[in-house]
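Take a look at this one; I'll ask things after.
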4 protein chains.
Amino acid sequence: MKIGFIGLGAMGSAMASVLVKAGHEVTVWNRSPQAAQPLAELGARVAATPAEAAAGAEAVLSMLANDQAVREALLAGGVLEAMPKGAVHVNHATISMALVGELVRLHEAHGLGYVAAPVFGRPPVAAEGKLTIAVGGRPAAVAKVQALLDALGAKVWPAGDKPENAAIVKIAGNFMIAAAIESMAEATTLTRAYGVSAADFIGLMGSTLFAAPIYQNYGKLIAEERFSPPGFALALGHKDIGLGLAAGEAARVPMPFAGVLRDNLLEAIAAGAGELDLSALAQVAARRARLDER
Amino acid sequence: MKIGFIGLGAMGSAMASVLVKAGHEVTVWNRSPQAAQPLAELGARVAATPAEAAAGAEAVLSMLANDQAVREALLAGGVLEAMPKGAVHVNHATISMALVGELVRLHEAHGLGYVAAPVFGRPPVAAEGKLTIAVGGRPAAVAKVQALLDALGAKVWPAGDKPENAAIVKIAGNFMIAAAIESMAEATTLTRAYGVSAADFIGLMGSTLFAAPIYQNYGKLIAEERFSPPGFALALGHKDIGLGLAAGEAARVPMPFAGVLRDNLLEAIAAGAGELDLSALAQVAARRARLDER
Amino acid sequence: MKIGFIGLGAMGSAMASVLVKAGHEVTVWNRSPQAAQPLAELGARVAATPAEAAAGAEAVLSMLANDQAVREALLAGGVLEAMPKGAVHVNHATISMALVGELVRLHEAHGLGYVAAPVFGRPPVAAEGKLTIAVGGRPAAVAKVQALLDALGAKVWPAGDKPENAAIVKIAGNFMIAAAIESMAEATTLTRAYGVSAADFIGLMGSTLFAAPIYQNYGKLIAEERFSPPGFALALGHKDIGLGLAAGEAARVPMPFAGVLRDNLLEAIAAGAGELDLSALAQVAARRARLDER
Amino acid sequence: MKIGFIGLGAMGSAMASVLVKAGHEVTVWNRSPQAAQPLAELGARVAATPAEAAAGAEAVLSMLANDQAVREALLAGGVLEAMPKGAVHVNHATISMALVGELVRLHEAHGLGYVAAPVFGRPPVAAEGKLTIAVGGRPAAVAKVQALLDALGAKVWPAGDKPENAAIVKIAGNFMIAAAIESMAEATTLTRAYGVSAADFIGLMGSTLFAAPIYQNYGKLIAEERFSPPGFALALGHKDIGLGLAAGEAARVPMPFAGVLRDNLLEAIAAGAGELDLSALAQVAARRARLDER
């Protein structure tokens, strides 16, 4: 299939490479052009502008960092005007519900399909085509890109007929991840104060009641206090909680855990931990209890 | 081994039956005597008082509901006076850290061993001897009851040389369970407001990032709004969060998630949900957002 | 002085009337023109557009509802282009810190003075020229409009050399008002549960330790459950807490009380109380405790 | 009147001296006897035990620090047994609602009157007989001690026919004080981050909307960061919030502001601020935002 791929961060690069290897005709674009080099070597064409990547494509996939990047690359970049009528845009980014609504209207106005397909998983998982992908959009639009999604994901999960359905699943899921980390942060601070190490406590929990990847992976980082390099930066987690609170705000859904997370993440950022791993949230709980001075 | 077993609720009965079947000489006591009948049929002796159950036992195991029950059955019941010097008391109950400290001192004064061995697991799991058990106490005392613990648990986990080490693991673990439920409550309220059902959302999370028993089991109850009969009563969960907050208070560990849980559980109890399952915490989040009126 | 006045809600109308009566040459504009009628009868000129109100004015005062109204009336309305170079814009609205920063840059680019002058007080107070006004801006700009501010306020308080200084004072002050209401809400729910009425409790507090207007006025509304008509609508209070949280976010200031307020106000709005008085926040606390069912 | 007075801390000493000067026949007792010396010089008799102070008294007044002190001095001290039948005990201490209930039952069993009369005010105010006193108890019991209360208080406020009515008023009032301090802490942290000093902001608020003693007095301490010597120790404020949470717990009243206060006060205590003034709560907010590093 003739594809445009916009946004070549760690995740986007891995995803685009999967599509190139699967034999699709992929034209890529990235704000800083050097990120396109490895893709070019795999056989992708490199576009000079987002619009050029989109021109003539049956499907445009984008993996951008946040609302602002979407506005700049896609909207200011002229992607919607460049895409052929009837083509489908698959947005993999985690963005605000407000922007999702705006994009739905804009794509409709341009005669384009719009599919929200946010992903769960890290770059190595993406490179293997093993992501978990929540997919929301009109069945006809989804059908056109189903093969691409199947190439990218081990689990392609239909969230509903609206892009909003998939977007909220990602926002709610990221909230649950941060909440799991905070619960480990408070729990291990408590056990440490009574003589049980975080490694021991999380070792038990992560092998029994909480034997799930989130607890095992983030728990290990907390236990080892290994917050750098970040797998997922704390500042991004803070942004995502903001998306959750804003989504709750718009739909009148109070979220007290999200409010606590917001404040604790903000405190971590004020302390200089924004570029550490999200699990550095555990530093806040430990510092409040002055564990290190005991 | 000659054993006294005190407290025959659903959990205690299941655990005592495992020990009887394993060939131990078990004398049981329960406040309401009818609960002892099935054990008697299996071959246990039935004592008329807690002290009688403890007299001559090498080990006394107790599984009581809360601090008050421990004070009444064990302390007022004369168990410590009745136990032979050098015998070991294994306390399976979830009790306050303050009472743990008091019991440590009392057992020492009576020349008795004291092992805290709180358990994770429901009655059917207990009946199969497959509990997860955190064990804290002096190595010599633990050694004397190791065979009993191995009979009761699939995972017998050494928490440390002090009973406090095991007690805090149970309190912290129960806090994490309640936090996981609240995070699902808020997340599903949010997704429902945007058109994704709790069943769908939890189905995805519970089979990927959160593929752990806690999320799967409680998540199913939330999705099906099946809060009765309770697997674990909400009022007990509220009591356990109180134990966590008190433990944090005594050790100067702030716990903002626990504070939110306290209030939400209290709101649930005020609304009459104390005897529903702990997962009924999800009703609070949904009611605040008036989901049912949409 | 030749003045343009933009925005004739209850507050703006009262303030504009003070200036007309003080002998200034005032041209007014409002989105819905009928609000200008009473001013016209007092001697004001009525402009057809915001730009017309601003044309030739030495000072333009604006009292608009929120960020959006400022963007529409002032920015889209061409006010900055219409004002003579060197003229001063006095903004009385409570707006986001982000928009304050944007307005500072825009006025500078247009060669205009910019003074933030948010007010505390209700319409009857405004009509008497007895407002409390926090004033922020360059001394030269403030000096040009000092006489106008003195006519409007009983207390004209210099907050600093930057418009941001005054803007944050208003946002922080409104947060404190909402916090005072929530503290009365929780306290009276507690006393009522133990047999002391809200009227009695607030009567004591408001005449002793908390003998201040905020506690007396809002306290009276809480005690009498008289939430309609609103003196200050709950939905506006919710908006203001959002401004506080956003200001804290941008400056990395965690605000846990503001987070609680956000959720409680959102719950009130979900329950249909958005157009009631801000003191209806007390309904949330009472409802959670099911006071009415006791 | 023949009076026993038990507990001669700063408050108790000041109150007892008022009664001696008013001509009453006062026998005092204090745990550390040296505190009784100044009272003896004023003409009070000094008892060797609490029971001796109570023997033969028409009224016993007590001003003790907390639940534990009440249990030790009054209950273990044999005061109820020593008091003549029909005499009245006036309890000025701030104690738990659970202990209030217990004392009500005990006094009734001993044929004694029981009046709860918690006070608002600092020692210098007490020495002038200008306290605010909430009074709860049976009218007949209150009538017997009305003259004493009138001597001690500028405002003697009837809270209801039950001691609980007065006790909850004190607990709720102390909660409101701590909430006012936290709201100033967050608000001034925010304004400082935008260039407005705490002194300036609180100066404005305390002279307008919040022109009440609590805001003015604690606000001044916050602005001057003058947290030592303590007027009211932070650790006591923490204890009082615990009483409020426990009272809410027993009556099923969620109190989210109290939960935040609990955590923030605990964090302050962990940081070593327990013996500073309650207003040192402001250090927590400032430290979280790292204001001092900007």
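The values are calculated or read from the model by the stated rules, or taken from the named source; none is laboratory data. Only a predicted model underlies this, so the values are computations on that prediction, with no experimental measurement involved. Positions of Cβ are generated from backbone atoms using ideal geometry, with glycine treated the same way; all protein chains shown enter the neighbour counts.
Please indicate, with yes or no, whether at least one residue in the stretch D:80-94 is of a type in the set (Gly, Ala, Ser) and at pLDDT below 95.
no
Kindly provide the set of residues from the stretch D:181-196 that are in contact with a Gly (Cβ under 7 Å, 6 or more places away or on another chain) and buried (at least 24 other Cβ atoms within 10 Å of the Cβ), ordered by number.
Within the stretch D:181-196, D:Met184, D:Leu190, D:Val196 meet the criteria.
Being within 19 Å of B:Ala268 (Cβ to Cβ) and more than 18 Å from the chain's Cα centre (by Cα) is the filter here; which residues of the stretch D:257-278 pass it?
Passing the criteria: only D:Gly259.
Can you tell me which condition D:Ala199 does not meet? The list is (1) surrounded by fewer than 20 Cβ atoms within 10 Å (Cβ to Cβ); (2) touching a Leu at 6+ places or on another chain (Cβ under 8 Å); (3) of a type in the set (A, V, I, L, M); (4) assigned to a helix (DSSP H, G or I), and all the others hold.
(2)
Taking B:Phe175 and the conditions (1) free of Cβ contacts under 8 Å to residues at least 60 places away in the same chain; (2) aromatic (Phe, Trp, Tyr); (3) in contact with a Gly (Cβ under 6 Å, 6 or more places away or on another chain), which numbered condition does it fall short on, given that it satisfies the others?
Exception for B:Phe175: condition (1).
Output the number of residues of the stretch A:102-150 satisfying the condition of being of a type outside the set (A, V, I, L, M, F, W, C), over 19 Å from the mean Cα position of the chain (by Cα) and crowded, with 21+ Cβ neighbours inside 10 Å.
Selection size over the stretch A:102-150: 2.
Could I ask something else about it? Scan the stretch C:193-200 and tell me whether some residue there is in contact (Cβ under 8 Å) with a residue 24 or more places away in the chain and either aromatic (Phe, Trp, Tyr) or within 14 Å of chain A (Cβ to nearest Cβ) (or both).
No, every residue in the stretch C:193-200 fails to be in contact (Cβ under 8 Å) with a residue 24 or more places away in the chain and either aromatic (Phe, Trp, Tyr) or within 14 Å of chain A (Cβ to nearest Cβ) (or both).
Please pick out the residue among D:Leu204, D:Leu245 that is within 11 Å of another protein chain (Cβ to nearest Cβ) and under 30 Å from C:Arg287 (Cα atoms).
D:Leu245
Yes/no per residue for (1) of a type in the set (Val, Ile, Thr); (2) closer than 25 Å to B:Gly195 by Cα; (3) touching a residue at least 40 places away in the same chain (Cβ under 8 Å); (4) not in a helix (DSSP H, G or I):
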| residue | (1), (2), (3), (4) |
| --- | --- |
| A:Ile222 | yes, no, yes, no |
| A:Gly231 | no, no, yes, yes |
| A:Asp240 | no, yes, yes, no |
| A:Ala247 | no, yes, yes, no |
| A:Ala250 | no, yes, yes, no |
| A:Ile269 | yes, no, no, no |
| A:Ala273 | no, no, yes, yes |
| A:Leu281 | no, no, yes, no |
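Another question, then. Can you confirm whether B:Pro124 is of a type outside the set (Val, Ile, Thr), within 29 Å of A:Gly203 (Cβ to Cβ) and out of contact with any strand residue (DSSP E or B) (no Cβ under 9 Å at 6 or more places or on another chain)?
yes
On to the next question. Which one of the conditions (1) farther than 27 Å from B:Val125 by Cβ; (2) at the interface with another protein chain (Cβ under 9 Å from one of its Cβ atoms); (3) touching a residue at least 60 places away in the same chain (Cβ under 8 Å); (4) not aromatic (Phe, Trp, Tyr) does B:Asp263 fail to meet, given that it meets all the rest?
The one condition B:Asp263 does not meet is (3).
Tally time: how many residues in the stretch D:62-100 are surrounded by fewer than 16 Cβ atoms within 10 Å (Cβ to Cβ), touching a residue at least 24 places away in the same chain (Cβ under 8 Å) and farther than 23 Å from D:His238 by Cβ?
The total comes to 4.
When you check A:Pro254 against the structure, is it surrounded by fewer than 24 Cβ atoms within 10 Å (Cβ to Cβ), outside any helix (DSSP H, G or I) and under 27 Å from the mean Cα position of the chain (by Cα), yes or no?
no
Looking only at the stretch D:10-26, decide whether some residue is at negative phi, at pLDDT below 95, surrounded by fewer than 18 Cβ atoms within 10 Å (Cβ to Cβ) and not hydroxyl-bearing (Ser, Thr, Tyr).
yes
Let me ask something additional. Does D:Leu276 count as at pLDDT 95 or above and surrounded by 23 or more Cβ atoms within 10 Å (Cβ to Cβ)?
Criteria not met by D:Leu276.
In the stretch D:54-76, is there at least one residue being under 30 Å from D:Gly244 (Cβ atoms), among the β-branched types (Val, Ile, Thr) and at pLDDT 95 or above?
The answer is yes; a qualifying residue exists.
Filter the stretch C:203-213 down to the residues that are part of a helix (DSSP H, G or I) and surrounded by fewer than 24 Cβ atoms within 10 Å (Cβ to Cβ) and list them by number.
C:Gly203, C:Leu204, C:Gly206, C:Pro213
Now a separate question. For the stretch A:279-290, which positions are surrounded by fewer than 23 Cβ atoms within 10 Å (Cβ to Cβ) and among the small types (Gly, Ala, Ser)?
The answer is A:Ala286, and nothing else.
What is the number of the single condition among (1) among the polar types (S, T, N, Q); (2) in a helix (DSSP H, G or I); (3) more than 12 Å from chain A (Cβ to nearest Cβ) that B:Ser183 does not meet?
The single condition B:Ser183 does not satisfy is (3).
Here is a follow-up. Scanning for something of a type outside the set (Gly, Ala, Ser) and within 11 Å of chain B (Cβ to nearest Cβ), does the stretch A:219-226 turn up at least one residue?
no
When you check D:Ala211 against the structure, is it modelled with pLDDT of 95 or more and within 14 Å of chain B (Cβ to nearest Cβ), yes or no?
no
Go over the candidates C:Arg226, C:Arg288, C:Arg294 one by one and state the one that is more than 21 Å from C:Ile95 (Cα to Cα) and modelled with pLDDT under 95.
So the residue among C:Arg226, C:Arg288, C:Arg294 that is more than 21 Å from C:Ile95 (Cα to Cα) and modelled with pLDDT under 95 is C:Arg294.
Still on this model: Just one of the numbered conditions (1) closer than 22 Å to D:Lys170 by Cα; (2) modelled with pLDDT of 95 or more is not true of C:Asp240; which one?
It fails just one condition, (1).
Here is a follow-up. Which members of the stretch D:40-61 meet the condition of being small (Gly, Ala, Ser), surrounded by fewer than 24 Cβ atoms within 10 Å (Cβ to Cβ) and not in a loop (DSSP other than H, G, I, E, B)?
D:Ala40, D:Ala51
While we're looking at this one, here's another question. Would you confirm, using the coordinates I've provided, whether B:Ala235 is within 14 Å of chain D (Cβ to nearest Cβ), among the aliphatic types (A, V, I, L, M) and surrounded by fewer than 22 Cβ atoms within 10 Å (Cβ to Cβ)?
Yes; evaluated as a whole, the condition is true for this residue.
If you take the residues of the stretch D:153-180 that are more than 7 Å from chain C (Cβ to nearest Cβ), closer than 24 Å to D:Arg122 by Cβ and touching a Pro at 6+ places or on another chain (Cβ under 8 Å), which of them is surrounded by the most Cβ atoms within 10 Å (Cβ to Cβ)?
Step by step, filter the stretch D:153-180, then rank; the result is D:Ala167.
Moving on. Here are some residues: C:Arg262, C:Arg226. Which one is of a type in the set (Lys, Arg) and crowded, with 24+ Cβ neighbours inside 10 Å?
C:Arg262
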